Amino acid sequence: MVAKVSAFAVLQLVLASSGLSAQSADPPRVWPDEGPFSWPPRATEPSIVADDLRTHVYQLAADSMTGRAAGTRGNFMATTYVASVFQRLGLRPAGDNGTYFQIVPVEGAEPNSPARNVIAILPGSDPALRGQYVLVGAHNDHEGLLSQALDHDALRAFNWVMRPQGANDRPGAPTREQQVRIDSLIAYARSIRPPRPDTVMNGADDDASGTGVLLEIAERFATGAAPRRSIVFISHAAEEGGLIGSRHFTDNPTVSLDSIVAAHNMDMVGNGGVADVRFGGPAQVQMLGARRLSAEFGDMIDSLNAVRAETMAIDYYWDRTNALNRFCRSDQVSYFRHTIPVTYFSTGYSIDYHMPTDEPQYIDYDHSARVGRFVHEIMSAVANRPTRLRVLPPEERDMSAQCGR
Ligand SMILES: [Zn+2]
């Protein structure tokens with residue numbers, strides 16, 4: 001954190017002395033990772049690219065979605081958005097009663113705004129294999145609204161110094177030196193813009209980023225030659241309430257669970273830079289679970305990564321240690337408990353984790369696109385293999401993560 005803040009301070013000095021910020025067309029930024037506050041939506045292209053992700057994430061994480069809490073109007077609007085993209089791509093509905101939606105019961109849902117999984121299928125091209133499925137998912141809900149407004153820049157200044165992993169961190173009171181740094185960051189913010197009281201938990205990284213990548217992967221598959229096996233795209237409901245939507249789907253599957261050969265979950269794939277997380281970088285991806293049920297799955301991913309042009313820096317630290325009980329904290333758990341080989345992809349916990357500052361202007365869209373291209377390539381390889389991934393016999397499985405389910 002010290003290095004991060006001092007680099008930032010140097011940048012301020014450079015800008016102040018050179019007059020660079022005055023020459024720029026963009027308004028001055030408080031935070032070095034801050035992009036524009038708005039992004040006019042535009043037509044997307046078949047490949048998985050940063051601007052398409054901007055189009056999806058700026059809409060899904062807009063204040064008008066009111067934090068997408070499961071069972072609220074905002075979350076309902078987000079699921080409608082996801083279904084509209086599936087429909088535009090010509091994907092086959094795979095929810096209830098011929099729709100894209102599977103209603104997920106949650107407590108306290110607003111009238112006419114049920115929580116919903118959004119599910120679509122791209123049929124495989126090989127008649128002998130299209131009865132098997134490769135699944136990819138992300139979650140469509142987040143934490144809704146705060147009961148009391150917080151000042152955006154002041155909160156981010158505090159977290160910048162005190163909470164590198166956002167709500168995961170429970171820091172004590174700042175030392176005097178830390179308080180000086182926090183105060184100077186706030187003073188800088190105040191010098192270029194007014195305070196911004198904020199109640200919306202936008203969830204741009206968590207998990208509009210994964211949802212955007214899901215839609216980009218869907219578009220990539222739908223516009224190319226179909227793989228041999230079929231693909232299931234699923235936008236899970238009510239993840240934040242305890243993995244409710246993924247559990248509901250695996251308890252009430254709309255495609256037989258036996259026919260799902262592998263699952264891929266993406267949750268928070270937008271904040272993995274050098275300054276965001278430990279071992280971060282432009283091609284970093286944290287991967288969990290790949291070998292827990294199928295050694296072949298993990299081996300295949302590593303081999304593929306070793307020879308592709310855009311090599312990813314895979315970080316297995318969280319899988320090895322299960323620090324912060326990480327493997328048990330997203331929708332992969334629901335597939336794991338049904339012995340479906342599943343890999344969890346994330347760029348990790350950043351300062352905006354479960355904070356009202358988790359907004360679209362802080363997402364690294366180039367990085368998210370890289371993760372998306374990687375997941376798409378893995379899925380293509382799994383979907384086109386002559387044989388299913390081999391599931392390990394029970395005694396060889398890694399059951400070390402105690403997810404209590
Ligand atoms: Zn999440």
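Taking residue 141, is it in the same structural domain as residue 104 (by TED's automatic domain parsing), within 25 Å of the chain's Cα centre (by Cα) and within 30 Å of residue 78 (Cα to Cα)? So residue 141 fits the description; yes. Taken together, the criteria exclude residue 126 from residues that are within 16 Å of the ligand (Cβ to nearest atom) and either free of Cβ contacts under 8 Å to residues at least 40 places away in the same chain or not in a helix (DSSP H, G or I) (or both).
Conditions (1) surrounded by fewer than 19 Cβ atoms within 10 Å (Cβ to Cβ); (2) assigned by TED's automatic domain parsing to the domain that holds residue 280; (3) charged (D, E, K, R); (4) away from the ligand (no atom under 15 Å from the Cβ), marked per residue:
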position	(1), (2), (3), (4)
306	yes, yes, no, yes
317	yes, yes, no, yes
325	yes, yes, no, no
331	no, yes, yes, no
341	no, yes, no, yes
352	no, yes, yes, no
360	no, yes, no, yes
366	yes, yes, yes, yes
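Results for (1) within 16 Å of the ligand (Cβ to nearest atom); (2) under 30 Å from residue 226 (Cα atoms); (3) not β-branched (Val, Ile, Thr), shown as yes or no for each residue.
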| site | (1), (2), (3) |
| --- | --- |
| 91 | no, yes, yes |
| 121 | no, yes, no |
| 140 | yes, yes, yes |
| 159 | no, no, yes |
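Summed over the range 264-286, the residues that are within 16 Å of the ligand (Cβ to nearest atom) and outside any loop (DSSP other than H, G, I, E, B) give a count of 5.
Taking the criterion of being under 15 Å from residue 205 (Cα atoms), at pLDDT 95 or above and charged (D, E, K, R), the only residue of the range 262-305 that qualifies is 267. Tell me, yes or no, whether the range 234-250 has at least one residue that is over 30 Å from residue 162 (Cβ atoms), surrounded by fewer than 23 Cβ atoms within 10 Å (Cβ to Cβ) and more than 16 Å from the ligand (Cβ to nearest atom). Yes: the range 234-250 contains one or more residues that are over 30 Å from residue 162 (Cβ atoms), surrounded by fewer than 23 Cβ atoms within 10 Å (Cβ to Cβ) and more than 16 Å from the ligand (Cβ to nearest atom). The set of residues in the range 131-173 that are in a helix (DSSP H, G or I) and of a type outside the set (D, E, K, R) comprises 152, 154, 155, 157, 158, 159, 160, 161, 162, 166, 167, 168. Within the range 191-233, the set of residues being over 15 Å from residue 44 (Cβ atoms), assigned to a helix (DSSP H, G or I) and away from the ligand (no atom under 16 Å from the Cβ) comprises 191, 192. All of (1) closer than 30 Å to residue 60 by Cβ; (2) free of Cβ contacts under 8 Å to residues at least 24 places away in the same chain; (3) touching a helix residue (DSSP H, G or I) at 6+ places or on another chain (Cβ under 6 Å) hold for residue 170 with one exception: (3).
The values are calculated or read from the model by the stated rules, or taken from the named source; none is laboratory data. Just so we're clear, the structure is a prediction, and the values are computed from it rather than from any experiment. Ideal geometry is used to build each Cβ from the backbone, glycine not excepted, and the neighbour counts take in all protein chains shown.
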